[in-house]
Each structure stands twice: as C-alpha cells, then as structure tokens.
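Novice: One structure, pasted below without further comment.
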Amino acid sequence: MDAIRTEELTKHYSVGFWRPRPYVALDRLDLQVSQGEVFGFLGPNGAGKTTTLKLLMQLIFPSSGRAEILGRPVGDVAVRRRIGYLPENPFFYDNLTAEELLTYFAALFGCPSSARAARVSRMLDEVGIGAERRFQLRKYSKGMLQRVGLAQALLNDPEVVFLDEPMSGLDPIGRREVRDIILRLRDRGTTVFFSSHILGDAETLCSRVAIVAQGKLVASGRVAEMVPFRIRGWDLVVTGLVRDQFDQFVPGGTSVREIADGRYHVVLPETAALDSSLSRITALGGQLVSVNPIRDTLEDFFVARVRQTDVPVGRTLSGSSNEVR
Amino acid sequence: MRSILHVATHVFRDSVRDKVLYSIVAFAVILMVSSFLIGQLTAGQDVKIIKDLGLAAMSLFGLFIAIFIGVGLVSREIERRSIYAVLAKPIRRHEFVIGKYLGLVGTLLANLAVMAVAYYVVLEYMRFVMPPGQFKITPPVVDPKLLIGIGMIAAELALVTAVALFWSTFSSSAMLSAALTAGMWVAGQFGADLRNFDQVVKSPVAAGIGRALYYLLPNFAAFDVKSQVVHGVPVAGGYIAVTLLYGAVYAAMLLTASVFIFSRRDFK
C-alpha cells in the first residue's frame, strides 16, 4: 500500500469576475509515494505545490482525478487521525498560547485529556519552544510560529506528514533543526511529503523527488538518478601565491579570482590534471585552503526541466487562449 | 459530537480574550451605571429610564459582539489561513461550523450574564437609595420579570449569530459579512412594516416584494419585549414560546445552509 497516491488529479479554478475563465492549477498529476519515504515535491512559485497539498488535505476539492492517503480516500476522517499537516506560512489564534493551541488540536485528534499535557509538552520540547509556550501566539516571530506549526503537525505521531515549505521563514539554525526533525521522522519510519523550492534541502533529505511546473509533473524519481555523479571541474581556494604564478600550471581560460588579500579562487576544468596542479601549488610555496568537486546539482536538473516546460505562463484549459495572469 | 464540544470550548476561550469584547462589555457596564445619573435628571421616571437604558445597552452591545466577533469566526479564520491546520484534523466540516456557533453563543451568554449582573446591581442600588415611601411602586424596582426581556435579547442575539455565521461561510471578507449581518438586523426590525406594505404602496409588485421579505428576513422585532417588561405589562407565555421556537427554527435553517455551503467550499 502506498502512503500517498494520486491519479490524474486535476484542479481548475475560474478566474476573472466579469468574464470568468478557467485556470489550470494542477493538471492530471500522477504520484505514488511509498511508506517510509522522504519525498520532495519541488517546483517554482505558482507551480501547483500548495494546490496539491490542499487537495490532499481536502481543503479544496479536485475538478477530476482521485487521491488516496494510506489506501483511503483523502476525505476520510479516520485517515486524518494518522496524518499531520503543516500549512505554508502557518497562522494560528492570536489569543491562545502555544500550549493551549496544541491542547486544542490534541483534543481534536482524540488524545485522552489525561495524556494531553504530556504530549503537548513533548512536542513543544521537540521543536525547541521553551518558556515561550505560555506566551500568546500574537507575540511569536514568524520562525517561532513555524515551529509551533511543526509541533501541531507531529502531535499525533503521524504515519504520514505533509509539510508545505517547512523551511520558510526560518533562520539557518531553525532550518538545521527542521532538517534534523525530518531526518528523525525518516528514522522512525514516518513518511514525509514536503514541498519546497529550496533544492539543497531536498537534495540532502529526500530519497525521491517530483518536480512540478505550470501545474504539470515534469519529472519524478530518485535524486541519484536525476543528478548523475559526474565531476565537471574543481573549485580551489589557494593562498601564498601571486597572480602570475597561477599561469604556470592552470590551463588557459581558467578562472582565477582574488577573493581576499593573497587568497585566490580557482575553477579548474574537468580536463585539468588535479594532482599535478596541487603538486605545483605546493612546489611554488602556496597553500591549499580548500578543494571541492564541481558536479551537477539538483538545482541544475530542476532549472533545465522547468525551462523545458513549454506551457505558457498563465496556463489555461485547452481551447482557451486567453492569458489569465 | 465531541469535536463540536472541543471547537465550541476553543471559540469560547479565544473569544473571551478578545480585547474588542472587553471594550464592548466595559462600555455597556459603564452605560448602565451612568444611566443612574441620567435617571436623576428626570422627575419621577428615573427607574424606568434606568431599566430601559440597561436593556437597550445589553441589546445593542450584545449585537456588536454577535456581529463583529460572529463574522470573525469563519471569515477571519479563512483570511488568516488558520482554518487550514484545523480542517486537516479529524473533524468534519459541519462539526466545525456547529462548534463555532455554539462557542460564540456561549460567549454571548457569558457576556450577557455579566451585563445582567451589572444591571441588577444598579437597580438594587437604586432601590437602596430610594426614599422608603416609593418602595411599593409597580412594577418593583428590582423586578425578576426583567429576566424575560434579557432572555429574549439572548434569543435574538443567538439568531443574529446564526446570520453572521451564514454570511461568513461564503464571504472571505469579514467586513462584508458584518455589513450584510447588520443590514439584515436593521431590515428585521421592520417586520410589521413589511407585512403591511400593501397599505402604504399602490403597486401590487412592491407589496408582494414587501410581503416576501417579511417571510424571508428574520423578524428580529418579535424578540423585543423591552417596553413591556419595563412597564410591567405581562408578556404571554405562548408568545414567548412561539417566538423562541421561531428563532430556533430560523437559526437551525441558517446553520443548515451554512453547513451546506461550508462543506463544499474551496479554501484557496
């Protein structure tokens, strides 16, 4: 049984007040996500990521197609006891504290009243909300609200978690913590479906990804299969040499740029012999600060596939030529 | 059923901390207390003025609470997107709507109770400072029958809340919902005029529209028994029962329509 399965899932909206026109937010999406996977749902802004998540949460209803979570239709209340959802830029009730909000949600999940306080406290600890848990949410920063959002999504120890842009609004420490939480969930066997346009996160965390653009699925599969491990060159940072000395060992046309006093950034092409270049640096009295391979990234793949998508911006249903955005 | 109770409790907790609510209740209580001073300016009518003003303050400020907090129940949740996290929980949409309604009615009743206590404190003080010779006036200063008026205000406000909830289920703008609810309340005060519209207009079409509106709009005027209870005029039990039943049926119809619309709505 798949954790998530969609078949030809489609959503059209009517846009325009006087002359309503159909707008295709999502076009025949087919997805299968296995249990225990960390699945990245990637795409540029407006690609249909949030629309898909809202369809899976039944916040909106599909125009056609179907979707299942854990083998049951998405509207099934019993399924919702087994899933968690973090909306994009979550916002909750100003007048409640984080504790009260989570206690309310725990009650909706059917958590017995005797166990609620402990469950809520554990979840707030897990997302790093300390004494602030007794402050009203109106006093929370965006990053803290995101943490509360994560806590409410994980409150019921879900089997499948849906995270819509979970890194949004977080500082580098917060992003690291969210990554750690996702990795912990993966280790527990929880299925994580998260949308993002931050590709580095997806590359680090996901076993498989899907890329959507203009409402269509343009690619899906394992990250390793999408991004072949092919080295395209080398990134060096060198100190202790002067500019002219580089000409003695780097091929013509190589980029050599001074990035600080006496510190140079060199981009060696893949055709250059790395070992002999490193030996020459040492022989000339230079010191190697760092060396990193340059290879294709998920971002390269993403940009290439999104650019290939030939659906015009402001896509409409077939037969309608008007741009709607 | 349990989910409805959880939502209602949550609404009550969230609403009673709303600063707007405190302001409205505080203002109503100040008005009731100051009615004592206003009553001093009128010769012989001070008790009736205080009773009238107190009930009017409860009715008016209760209306503000029902409209401004009532429309916010759903509209504000949609505007601020807090509804996304809630509806992803194991709760059916009709449970959410009914829970919201019951929570706000509970909030309204609690506030009405605060205002009623303030009202009776003012009346008790009035009785305390009154010369002994005036004790035996009819109706009495501290009259338990005023509770009938307060009860009818509560029923009216429960119906206003249902109207506010109805508009807010398909309008994303809290202000528009508030305006529509207020408009419906004003129109509902003219039930008798709409019913007898044919006596003031010649056009049968206009008279028909007036009559149709009379049946369509909630007849809020029917709940107004303030002048009777203030002047000690008995209000028939049958009238109260029929009016309460009318309010309950109308509110149930509005809630059913709200649930129907809300259950099919896309939250974009």
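FYI, it's all coordinate maths here, none of it is from the lab. Computed from a predicted model, the values in this text were never measured in an experiment. Glycine also receives a Cβ, built like all others from the backbone with ideal geometry; neighbour counts cover every protein chain displayed.
Novice: When only C-alpha pairs under 8 Å and at least 6 residues apart count, what is the relative contact order of chain B, in percent?
Specialist: After rounding, I find 26 percent.
Novice: Next question, about the same structure. Within 10 Å of each Cβ in peptide A:64-77, how many partner chain Cβ atoms are there on average? Round it to a whole number, please. Provide the component values of the computation, followed by the final result.
Specialist: Details: counts 0, 0, 0, 0, 0, 0, 0, 0, 0, 0, 0, 2, 1, 6.
Partner-chain Cβ atoms within 10 Å, mean over residues of A:64-77: 1.
Novice: Within 10 Å of each Cβ in peptide A:88-94, how many partner chain Cβ atoms are there on average? Round it to a whole number, please.
Specialist: Neighbouring Cβ atoms belonging to other protein chains average 6 per residue here.
Novice: Multiply the residue gap between B:K145 and B:M130 by 0.36 nm, knock off their C-alpha separation, and tell me the result in nm, one decimal place.
Specialist: Gain on stretching B:K145 to B:M130: 3.4 nm.
Novice: Among the lysines, which fall within straight-line cross-link reach of B:K145, defined as a Cα-Cα distance under 22 Å, with same-chain neighbours fewer than 8 residues apart omitted?
Specialist: Output for B:K145: B:K48, B:K51, B:K136, B:K226.
Novice: Using the 10 angstrom Cβ neighbour count as an exposure proxy, how do A:Y264, B:Y215 rank, fewest first? Please report the intermediate quantities before stating the final value.
Specialist: Values: A:Y264 22, B:Y215 10.
So the residues, fewest neighbours to most, are B:Y215, A:Y264.
Novice: Using the reciprocal of the averaged 1/r over all distinct C-alpha pairs, how large is the Kirkwood radius of region A:231-295 in Å?
Specialist: 11.6
Novice: Out of the trypsin sites (Lys or Arg not before Pro) in region B:160-253, which ones are loop residues according to DSSP with at most 16 other C-beta atoms within 10 Å?
Specialist: B:K202
Novice: Please turn the phi angles of region A:203-220 into ³J(HN,Hα) values with the Karplus equation 6.51 cos²θ - 1.76 cosθ + 1.60 (θ = phi - 60°), one per residue in order, whole Hz, x for glycine and proline.
Specialist: 5, 6, 9, 8, 7, 9, 9, 10, 10, 10, 8, 6, x, 10, 6, 9, 6, 7
Novice: Among rounded, prolate and oblate, which fits chain B when a ≥ b ≥ c are the square roots of the eigenvalues of its C-alpha gyration tensor, a/c under 1.5 means rounded, and a/b larger than b/c means prolate? All intermediate terms of the calculation are to be shown ahead of the outcome.
Specialist: On the way: a/c = 2.32, a/b = 1.41, b/c = 1.64.
The shape class here is oblate.
Novice: Related question: Give me log10 I(q)/I(0) at q = 0.18, 0.33 Å⁻¹ for region B:194-240, Debye formula, one equal scatterer per alpha-carbon, no solvent.
Specialist: -0.67, -1.11
Novice: Something else now. Order the peptides A:267-274, A:158-165 from the highest to the lowest mean number of other Cβ atoms within 10 Å of their residues.
Specialist: Ranking the peptides A:267-274, A:158-165 by packing returns A:158-165, A:267-274.
Novice: Normalised by the number of residues in region A:1-125, what is the relative contact order in percent for Cα pairs under 8 Å and 6+ residues apart?
Specialist: Numbers: 151 pairs, mean separation 29.7, N = 125.
Taking the mean separation of contacting Cα pairs over the length of region A:1-125, I get 24 percent.
Novice: Quick check: net charge around B:T181, other residues with Cβ under 15 Å of its Cβ, Lys/Arg +1 and Asp/Glu -1?
Specialist: +1
Novice: Give me the net charge for the shell around A:M167: Cβ to Cβ below 14 angstrom, other residues only, Lys and Arg +1, Asp and Glu -1.
Specialist: It works out to a net charge of -2.
Novice: Report, in debye and to the nearest 20, how large the dipole of the protein assembly as shown comes out about its Cα centre when Lys and Arg carry +1 and Asp and Glu carry -1 on their Cβ.
Specialist: Roughly 1160 debye for the protein assembly as shown.
Novice: Modelling each spin label as a point 7 Å along the Cα-to-Cβ direction, I'd like the A:V237/A:V15 distance in nm, to one decimal.
Specialist: For the pair A:V237/A:V15, the computed spacing is 4.4 nm.
Novice: Percent of Cα-Cα pairs per 5 Å bin, from 0 to the last occupied bin, for region A:139-188, please list those.
Specialist: P(r) for region A:139-188, in whole percents per bin: 5, 20, 32, 25, 12, 4, 0.
Novice: Under 20 Å Cα-Cα from B:K100, which lysines qualify once same-chain neighbours fewer than 8 residues away are excluded?
Specialist: B:K19, B:K89
Novice: Let me know the shape class of region B:161-237, please: from the alpha-carbon gyration tensor, a ≥ b ≥ c as square roots of the eigenvalues, rounded when a/c is under 1.5, otherwise prolate if a/b is greater than b/c, or oblate.
Specialist: oblate
Novice: Another one. Grab the beta carbon distance between A:I198 and A:E8, set R0 = 35 Å, and tell me the FRET efficiency rounded to 0.05.
Specialist: 0.75
Novice: Go through B:234-247, A:59-72 and give me the packing order, highest mean Cβ count within 10 Å leading.
Specialist: Ranking, from highest mean packing down: A:59-72, B:234-247.
Novice: Pull out a ≥ b ≥ c, the square roots of the eigenvalues of the alpha-carbon gyration tensor of the protein assembly as shown, then state rounded if a/c is under 1.5, prolate if not and a/b is larger than b/c, and oblate in the remaining case. Provide the component values of the computation, followed by the final result.
Specialist: Working: a/c = 2.98, a/b = 2.27, b/c = 1.31.
Since a/c reaches 1.5 and a/b is larger than b/c, the shape of the protein assembly as shown is classed as prolate.
Novice: Give the whole-number value, in cubic angstrom per residue, of the convex hull volume spanned by the C-alpha atoms of chain A.
Specialist: Working: hull volume 63.6 nm³, N = 325.
Looking at chain A, the number lands at 196 Å³ per residue.
Novice: With a point put 7 Å past each Cα toward its Cβ, work out how far A:H265 is from B:L245 in nm, to one decimal.
Specialist: Result for the modelled spin labels: 8.3 nm.
Novice: Taking the highest mean first, how do the peptides B:69-78, A:235-244, B:145-154 order by number of other beta carbon atoms within 10 angstrom per residue?
Specialist: Highest mean packing first, the order is B:69-78, B:145-154, A:235-244.
Novice: While we're looking at this one, here's another question. Would you calculate, for the protein assembly as shown, the mean residue ellipticity at 222 nm contributed by helices, counting each DSSP H stretch of 4 or more residues as -39,500 (n - 2.57) and dividing by all residues, to the nearest 500?
Specialist: Mean residue ellipticity, 222 nm, calculated: -16000 deg cm²/dmol.
Novice: Counting Lys +1, Arg +1, Asp -1, Glu -1, what net charge surrounds B:I240 among other residues with beta carbon under 14 Å of its beta carbon?
Specialist: Residues close to B:I240 contribute a combined charge of 0.
Novice: Quick one: compute the contact order of region A:231-295, relative version, from alpha carbon pairs under 8 angstrom and 6+ residues apart, as a percent. Walk me through the numbers before you get to the answer.
Specialist: Numbers: 113 pairs, mean separation 34.5, N = 65.
Across region A:231-295, relative contact order equals 53 percent.
Novice: Which whole number gives the average, over all residues in A:105-116, of C-beta atoms from other chains lying within 10 Å of the residue C-beta? Don't skip to the end; give the middle numbers.
Specialist: Numbers: counts 7, 2, 8, 13, 4, 5, 0, 0, 0, 0, 0, 0.
So the per-residue partner count for this stretch is 3.
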